[in-house]
Amino acid sequence: MFALQTFSDWAEDTSLFAIASWIVGITAVTTFLWRSNRKIQPFVNAVREFLEDWRGTPGRLGIEDPRPGVVATLADHGKQLKDHGEQLSENATKLAAIESQVTPNHGSTSKLTEDVQDIAAGLAQLTQRFDDHIAKSK
């Protein structure tokens, strides 16, 4: 079986060169990882920020408001577009009703013109009757 050695037993069995090699190796690997991390860190930060924007961030009490993610924002915009579409269809219905009132009727007159002409004829009759009444009273 494998027996666990103490540090002093291990140090007696291992040469100084092997210990120095391990220290240099661990230092080299640590230095490489640290320098690689410094060069990769901006990319990692950009990916992290992108993912935060994609998923959104919850609000933290007293620090910042929640920010919805991309999917939630797109869903909200879709709802707004649907609401605007419904409003546009209502406006189109109202516009069609207005156009039917002001456009020519069978190519001759418009309904609005007919109404104005009826009012003008009624006013002419009233004016004539008033003039006749004034003439009789003199």
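The table below gives the values:
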read-out: Every residue from the stretch 104-132 that is at pLDDT below 85 and surrounded by 10 or more Cβ atoms within 10 Å (Cβ to Cβ); value: P104, N105, T109, S110, K111, L112, T113, E114, D115, V116, Q117
read-out: Cβ-Cβ under 7 Å pairs, at least 6 apart or on other chains, the stretch 62-81 side surrounded by 10 or more Cβ atoms within 10 Å (Cβ to Cβ), far side basic (K, R); value: G69/R55
read-out: Options I26, I98: the member that is in a helix (DSSP H, G or I) and modelled with pLDDT under 85; value: I98
read-out: Condition met for R55 (at pLDDT 85 or above and farther than 30 Å from E114 by Cα); value: yes
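The values are calculated or read from the model by the stated rules, or taken from the named source; none is laboratory data. Because the structure is predicted, anything quoted here is derived from the model rather than measured. Neighbour counts are summed over all protein chains in view; Cβ atoms, including those assigned to glycine, are modelled from backbone coordinates with ideal geometry.
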